[in-house]
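In what follows, a structure is listed as structure tokens, so that the remarks can point back to it.
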Amino acid sequence: MMPLIGNLSDKYGRKALLTIPLVFTIIPLAILAYSRSRNFFYLYYVFRTLTAIFCEGSVHCLALAYVADNVPAGRRASAFGILSGIGSAAFVCGNLSTRFLSTPSTFQVATAVAVVALAYMRFFLPDSVVVGDDDPLTAPIVSKGMPDGACPDDDSANKAHAFKKTPSLGDTVALLRSSLTFLQAAIVAFFGNLADVGLHASMMYYLKAQFHFNKNQFADLMVISGIAGTISQLLIMPLLAPVIGEARLLSIALFFNCVHMILYSVAWAAWVPYAAAMFSVLFVFAHPCMRTIVSEQVGSCDQGKAQGCISGICQLANVVSPLVFSPLTALFLSDSAPFHFPGFSIMCVGFASMIAFIQSVMMRVAPISDGRVSNCHTLA
């Protein structure tokens with residue numbers, strides 16, 4: 001669904017498409033805010049599964065496309081870093097709030113915050129209107145039959161072909177083949193997400209078995225990592241990105257991500273995971289840098305399509321990763337393990353991150369002009 005949502009946002013506006021996931025997010029939260037009995041939990045689970053079709057990752061995907069619409073290419077890495085930093089800050093605040101709220105209050109507050117987010121977006125967020133020069137580099141890559149530098153308008157001829165503009169598998173493949181850098185970024189996104197989700201799927205079981213961690217200690221790890229990542233993305237990344245470039249910063253982030261995963265796998269004391277969590281100061285740069293590189297490979301008319309394609313690849317990794325690493329974790333934490341290495345699955349997660357790192361080192365990002373914007377208008 002991510003490529004479809006991104007593509008539709010290119011045609012009908014970010015704001016219109018943002019409304020869908022923000023509305024659907026409220027429904028499952030409201031169910032548990034009302035009651036947490038067994039029947040209501042199953043009702044929540046059904047609605048959560050159905051709404052995830054449109055909600056899982058789509059808000060972040062559309063937010064990235066919105067930022068790309070309104071920020072020049074030269075400043076985009078810093079802007080994406082700030083956006084990710086704000087997301088990390090929200091993650092920290094959410095984790096901290098659950099320490100002080102009761103279970104019923106937690107879902108009631110979550111529902112209220114979701115309603116506030118929807119209201120703010122609808123009433124205060126202006127829709128994207130991109131106006132620029134006639135740079136031919138910004139013409140849509142996948143769309144066919146359009147003049148160079150022009151984007152689909154709302155005239156009758158384009159409306160007649162509206163259904164032909166919805167993305168197919170062939171369109172996604174064409175987008176990946178349109179630029180070697182874009183393809184390399186997609187590979188980095190897949191293996192990076194494969195590693196991140198694999199770590200999250202394995203780490204809690206591993207730390208509980210090795211060091212008897214409980215839920216409060218897991219929350220402490222997430223808060224430490226979140227605070228370090230928030231400060232880094234809000235303060236450090238805007239300073240580093242213009243100086244060393246997003247491609248080099250991506251490689252640095254993936255290298256330290258690999259190191260921190262391997263450190264988890266060989267942890268010899270209970271304090272080591274806390275030290276490894278501090279590496280988030282550096283590895284949080286990976287996602288915004290990768291998204292910046294992707295955004296610079298397409299014009300403004302294709303920002304939603306490109307970000308949606310990468311989000312779809314990340315979601316695919318989210319599915320594959322637990323299927324691979326959870327059984328591997330269970331095997332090496334059991335008495336029937338082939339050899340004694342409880343952290344072996346996390347070591348394998350680190351190897352997946354190493355593949356992403358190697359691919360990022362091989363990536364060659366062409367210099368992009370700061371004025372690279374297109375003359376397309378997002379349809380509201």
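Measuring nothing but protein heavy atoms, the accessible surface of the range 1-125 at 1.4 Å probe radius is 72 percent carbon and sulfur.
The range 343-367 and the range 202-243 have Cα centres separated by 19 Å. Carbon-plus-sulfur accessible fraction, the range 171-365 (probe radius 1.4 Å, protein heavy atoms only): 72%.
Rounded to the nearest Hz, the phi-derived 3J(HN,Hα) couplings of the range 231-240 under the Karplus curve 6.51 cos²θ - 1.76 cosθ + 1.60 (θ = phi - 60°) are 4, 5, 6, 7, 10, 8, 4, x, 7, 7, where x marks glycine and proline.
For the range 304-318, putting each phi into the Karplus relation 6.51 cos²θ - 1.76 cosθ + 1.60 with θ = phi - 60° gives couplings of x, 4, 5, 5, x, 5, 5, 4, x, 5, 5, 5, 4, 4, 4 Hz, in residue order, rounded to whole numbers and with x for Gly and Pro. Expressed per residue, the C-alpha convex hull volume of the range 171-365 stands at 119 Å³. Computed from the Cβ-Cβ distance with R0 of 45 Å, the FRET efficiency linking Tyr274 to Val46 stands at 0.75. Please state the shape class of the range 209-299: rounded when a/c is under 1.5, otherwise prolate if a/b exceeds b/c and oblate if not, all from the C-alpha gyration tensor. Prolate. As a calculated quantity, the FRET efficiency between Ala174 and Leu101 at R0 = 45 Å, using C-beta atoms, amounts to about 0.40.
The distance separating the Cα centre of the range 97-122 from that of the range 288-327 comes to 28 Å. For Gly299, the amide hydrogen comes within under 5 Å of the amide hydrogens of Ile141, counting only partners 5 or more places away or on other chains and with H modelled in the peptide plane.
Computed over the range 171-365, relative contact order equals 42 percent, with contacts defined as Cα pairs under 8 Å that lie 6+ residues apart. In the context of the full set of protein chains, the range 171-365 has a per residue accessible area of 41 Å² (1.4 Å probe).
The values are calculated or read from the model by the stated rules, or taken from the named source; none is laboratory data. Since this is a predicted model, take the numbers as computed values, not measurements. All Cβ positions, glycine included, derive from the backbone under ideal geometry; neighbour counts span all protein chains shown. Remember, those area values only see protein heavy atoms, side chains included, never the ligands or the DNA or RNA. Shrake-Rupley method; radii C 1.70, N 1.55, O 1.52, S 1.80 Å.
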